[in-house]
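These notes are about the structure you will find just below.
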């Protein structure tokens, strides 16, 4: 793999090109400090949804064709095109097994942390974290230092992610009671979660400030809680 951008420009170029797609950089890291299957050096750039993702998807062919899996198909086309243009390999968190270790990569990037509820929390988008892909470059180029030295949860004394769940499926330190969550979603009281997305995730102060449409979180709930 090769490219024509200097190492100091590549990160910023990726960020600029993602803006109209409704996606953003969620972090980056250098293998082999963090294991990346098939890579013993280079730079891995993690990509996830931004606040404009739902609008970009709904204006794209994948959002208009009424075919299955529009989010994954849109992500594959957009990130795949960017990878081809910039001379990178692409990895996705879907399409497995085997699945790529995005949780481990997120934690290693210093931009994501394990929340008290044991869900992953991102320093910018909170509990509405949603990885859509990653670009793997042969080049080792500079990446910004993480903006936080510690988890944002450490400065969140209210921890509404724990108290907001109507099914009481989330407790400090875990484990996550998956069956209680699904049982609740099958009741009339679970309609709000299904219609507007996980209440606990939306209760995170960072998530609340992120501005993701409720229709987007509801879409993911329908995939999470299939009949």
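Sort the range 83-184 into rounded, prolate or oblate with this rule: let a ≥ b ≥ c be the square roots of the eigenvalues of the Cα gyration tensor; rounded if a/c is under 1.5, and if a/c is not under 1.5, prolate when a/b is larger than b/c, oblate otherwise. Note, shape of the range 83-184 comes out oblate.
Here the extension length gained between residue 41 and residue 104 equals 21.0 nm, from 0.36 nm per residue of separation less the Cα-Cα distance.
Note on residue 176 and residue 194: the model spin-label points, each 7 Å out from Cα along the C-beta direction, lie 2.0 nm apart.
Across the chain, the convex hull enclosing all Cα atoms gives 128 Å³ per residue.
For the range 7-137, taking the reciprocal of the average inverse distance between every pair of different Cα atoms yields a Kirkwood hydrodynamic radius of 15.1 Å.
Helix 214-224 axis versus longest C-alpha principal axis of the chain: approximately 90°, rounded to the nearest ten.
Rounded to the nearest 0.05, what FRET efficiency do residue 64 and residue 222 give with R0 = 25 Å and r taken as the Cβ-Cβ distance? Could you check?
0.85
Distance between the 7 Å Cα→Cβ label points at residue 154 and residue 118: 2.3 nm.
Quick note: the coordinates plus some simple rules give every number you see, no bench work behind them. None of the values given here were measured: they were computed from a predicted structure. Glycine also receives a Cβ, built like all others from the backbone with ideal geometry; neighbour counts cover every protein chain displayed.
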